[in-house]
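The values are calculated or read from the model by the stated rules, or taken from the named source; none is laboratory data. The shown structure was predicted, so the numbers you read here are calculated from the model rather than taken from an experiment. Glycine also receives a Cβ, built like all others from the backbone with ideal geometry; neighbour counts cover every protein chain displayed. Only protein heavy atoms, including side chains, enter the accessible area calculation; ligands, DNA and RNA are left aside. Shrake-Rupley method; radii C 1.70, N 1.55, O 1.52, S 1.80 Å.
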Amino acid sequence: MTTSQQDSAAAGGSATDVFRKARDFLFAHRTDYDAAYAGFAWPEIDRFNWAIDWFDDLARRRPDRPALWIVDEDGGGGVTETRLSFAEMAARSNRVANHLRGLGVRRGDRVLLMLPNVAPLWETVLAAMKLGAVVIPATTLLTGADLVDRVERGRVRHVIAAAEHAAKFADLPPEVTRIAVGGGGGGGGGRIPEGWRAYEDAYAAPAVFTPDGETRADDPMLLYFTSGTTAKPKLVLHSHRSYPIGHFSTMYWIGLQPGDVHLNVSSPGWAKHAWSSFFAPWNAEATIFVLNQPRFSARTLLDALVRCRVTTICAPPTVWRMVIQEDLKRWKPALREVVGAGEPLNPEVIEQVKAAWGLTIRDGYGQTETTAQIGNTPSQKIKLGSMGRPLPGYRVRLLDPDDRDAEEGEIALSLDPSPPAALMLGYQDENGEIRRVTGAAYRTGDVAARDDEGYITYVGRADDVFKASDYRISPFELESVLIEHEAVAEAAVVPAPDAVRLAIPKAYVSLVAGREPGREVALSIFRHLRAQLAPYKRIRRIEFADLPKTISGKIRRVELRRAEIDRQNAPDRSPNEWREEDFPELTQDAAAAKR
């Protein structure tokens, strides 16, 4: 029995018991938001190691229940599957922990993990938690220069990566331990990259693990590099409390239950993967389902939902927009809960899924720095366009620039009398010091509005909202209208400097496959906008272009804003830009409408 399992009968039993009690309260009020919000309190646990105290306990209680189910599509019709039970995952992670300890991984060491959706990813995260090491998740899309930056700023001592990406780490300091997954070892053949150790050798290590000491709930556990939509990525440090316990809110928002088969469409390396492909489903004793495709196919995804009887799914708006291009009524999935996250969902997408399946995609909101903060929860009234109400454990405020509460303002989390358990430890600075969150509230940088029933609607990033003719313009609102046009795949709205209005809304537009930029499609989009938007909100310029994005796929509006500032005095406009004044037809349309 670990120290934390012996911890504080005064707190209501062992750490495992206290954890389960808080979870079961949310289960008991799964469809009663008011009772859940009023009655939930973050469990008070001083010493806690989720991988040992919760996951290993779960493996003893539910040894044969599937924990991880990975389906690999080869693109040619071939399918391979990996299924691992909770007991198998516990044993595997023990072996990996013992092996890593033998290679010198110690409590507090930083381990950069760059793997696709393969079983060793989950094994390693569990193993690192058991060791007390700090995992730095990294997407496989990173370049060599990106990795050098992460190793230096993250103070990385060990790297675990797919063998095929070994060359990207050529410029790392020689003292960094390198462990390759898929390079052979353990009698499995293959070629181990020079200077690297074989991950597969871990499977020969003992299956019983003994921790070297206690883990405090506030010990560091995960270090994330944010996606950097406006600046150089920040380093967000999470603890053994903030993500394992904090994701009770995510579990409640999704509506996960024991025995569910949960699919989260997210790539490893980003916080959303930890949200819904790790902590939330395993907190609920559900199966994590993964579909790996060489190239995304909505039809393949839909086929897998039906064949594997997936019960809950979380996917970003981009995926939902691709899914609704299919005739959804042809598929009869076993889905009970469908949610979206990453960016706000557009009403058109929600309506089409509901028409086909009778299910409403429920929006939610959170950050790398937190878990799910706001959401539309199961069985509650949904207002299209709203991302819901504060989730259990969060006290959400909307603040104006002077820190006064407002009906529209920056989303902030109350820290008085204590911060939510799910809030990060803080940002790590260039010197390795942790800048903890202080004050009365943590500001998210996102602006929202709240109605008289407490529903919160996203307006935009604080630095994305702008004024035109003294009116506040929300880029998200205009982008939502834009993508309802049949030719528009993606759009980003930014202010274009204007001598009279200060700024006017301009849209950068990416078209769907098969549509080419030109006068005809620009006119069609302008007409669509005029029919949907009040005059002060109208987009006055459209430019067809590929949208700049972060490596995680978020649009970098900051680049587009800078481009508009840089070109405001240029004599010529872009050849792919169209302006309202280019179309006398729009004036004729307006005159005809008045007659």
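Before moving on, here are some points about what is shown:
- Some residue of the stretch 13-21 being open to solvent by less than 40 Å² (accessible area, probe 1.4 Å) and more than 13 Å from ILE245 (Cβ to Cβ): yes
- When residues of the stretch 555-576 are limited to those that are surrounded by 14 or more Cβ atoms within 10 Å (Cβ to Cβ) and charged (D, E, K, R), the one nearest to VAL319 (Cα to Cα): ARG556
- Test result for SER8, modelled with pLDDT under 95 and either of a type in the set (Val, Ile, Thr) or touching a helix residue (DSSP H, G or I) at 6+ places or on another chain (Cβ under 9 Å) (or both): yes
- Selection within the stretch 477-500 - open to solvent by 10 Å² or more (accessible area, probe 1.4 Å) and under 12 Å from ARG541 (Cβ atoms): PRO495, PRO497, ASP498
- Breaking point among (1) in contact with a Phe, Trp or Tyr (Cβ under 9 Å, 6 or more places away or on another chain); (2) among the hydrophobic types (A, V, I, L, M, F, W, C); (3) in contact (Cβ under 8 Å) with a residue 60 or more places away in the chain, for ALA59: (3)
- Those residues of the stretch 420-437 which are part of a loop (DSSP other than H, G, I, E, B) and either open to solvent by 30 Å² or more (accessible area, probe 1.4 Å) or within 30 Å of THR31 (Cα to Cα) (or both), in sequence order: PRO420, ALA421, ALA422, LEU423, MET424, ASP429, GLU430, ASN431, GLU433, ARG436, VAL437
- The set of residues from the stretch 291-306 being open to solvent by 30 Å² or more (accessible area, probe 1.4 Å) and within 10 Å of TRP331 (Cβ to Cβ) comprises ARG299, ASP303, VAL306.
- A search for C-beta distances below 7 Å between a residue of the stretch 414-435 that is hydroxyl-bearing (Ser, Thr, Tyr) and any residue that is part of a loop (DSSP other than H, G, I, E, B) and modelled with pLDDT under 90, counting only pairs 6+ apart in sequence or on different chains, returns TYR427/LYS234.
- Taking the stretch 462-476 as the range and being in a strand (DSSP E or B) and either open to solvent by 70 Å² or more (accessible area, probe 1.4 Å) or touching a helix residue (DSSP H, G or I) at 6+ places or on another chain (Cβ under 6 Å) (or both) as the test, the residues that pass are LYS467, TYR471, ARG472.
- Within the stretch 69-96, considering residues that are touching a Phe, Trp or Tyr at 6+ places or on another chain (Cβ under 9 Å) and open to solvent by 40 Å² or more (accessible area, probe 1.4 Å), the one nearest to ASP57 (Cα to Cα): ARG92
- Within the stretch 97-118, none of the residues are among the basic types (Lys, Arg), open to solvent by less than 10 Å² (accessible area, probe 1.4 Å) and under 25 Å from ALA421 (Cβ atoms).
- Counting only strands (runs of 3 or more DSSP E) that sit completely within the stretch 219-306, those holding 3 or more residues that are within 24 Å of LEU115 (Cβ to Cβ) and either more than 15 Å from the chain's Cα centre (by Cα) or free of Cβ contacts under 8 Å to residues at least 40 places away in the same chain (or both) correspond to 235-239, 287-292.
- Filter result for TYR442 (open to solvent by 30 Å² or more (accessible area, probe 1.4 Å), aromatic (Phe, Trp, Tyr) and in contact (Cβ under 8 Å) with a residue 24 or more places away in the chain): no
- Residues (in a helix (DSSP H, G or I) and of a type in the set (S, T, N, Q)) located in the stretch 9-57: THR16
Okay, residues lined up against (1) open to solvent by 40 Å² or more (accessible area, probe 1.4 Å); (2) assigned to a loop (DSSP other than H, G, I, E, B):
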site: VAL339; (1), (2): no, no
site: THR370; (1), (2): no, yes
site: PRO378; (1), (2): no, yes
site: ILE382; (1), (2): yes, yes
site: TYR394; (1), (2): no, yes
site: ASP402; (1), (2): yes, yes
site: SER418; (1), (2): yes, yes
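- Evaluation of TYR199 against (1) open to solvent by less than 30 Å² (accessible area, probe 1.4 Å); (2) at pLDDT below 95; (3) closer than 27 Å to GLU88 by Cβ (one fails), failing number: (2)
- The lone criterion from (1) among the aromatic types (Phe, Trp, Tyr); (2) free of Cβ contacts under 8 Å to residues at least 60 places away in the same chain; (3) surrounded by 15 or more Cβ atoms within 10 Å (Cβ to Cβ) left unmet by TYR365 is number (2).
- Being among the β-branched types (Val, Ile, Thr), modelled with pLDDT under 90 and over 22 Å from the mean Cα position of the chain (by Cα) is a description that applies to ILE565.
- Some residue of the stretch 203-219 being surrounded by fewer than 21 Cβ atoms within 10 Å (Cβ to Cβ), of a type outside the set (Val, Ile, Thr) and in contact with a Phe, Trp or Tyr (Cβ under 7 Å, 6 or more places away or on another chain): no
- Any hit, the stretch 527-543, residues being out of contact with any helix residue (DSSP H, G or I) (no Cβ under 8 Å at 6 or more places or on another chain), of a type outside the set (Phe, Trp, Tyr) and crowded, with 17+ Cβ neighbours inside 10 Å: yes
- Qualifying residue in the stretch 496-503 (condition: among the acidic types (Asp, Glu) and part of a strand (DSSP E or B)): yes
- Among the candidates ASP589, ASP546, ASP572, residue that is in contact with a helix residue (DSSP H, G or I) (Cβ under 8 Å, 6 or more places away or on another chain) and either outside any helix (DSSP H, G or I) or farther than 30 Å from THR226 by Cα (or both): ASP589
- For the stretch 341-356, taking the residues that are open to solvent by less than 60 Å² (accessible area, probe 1.4 Å) and free of Cβ contacts under 8 Å to residues at least 40 places away in the same chain, the one that is nearest to the chain's Cα centre (by Cα) is identified as LEU345.
- Of the criteria (1) open to solvent by less than 50 Å² (accessible area, probe 1.4 Å); (2) in a loop (DSSP other than H, G, I, E, B), which one ARG515 fails: (1)
- Residue check, ARG309 farther than 19 Å from ALA341 by Cα and assigned to a helix (DSSP H, G or I): no
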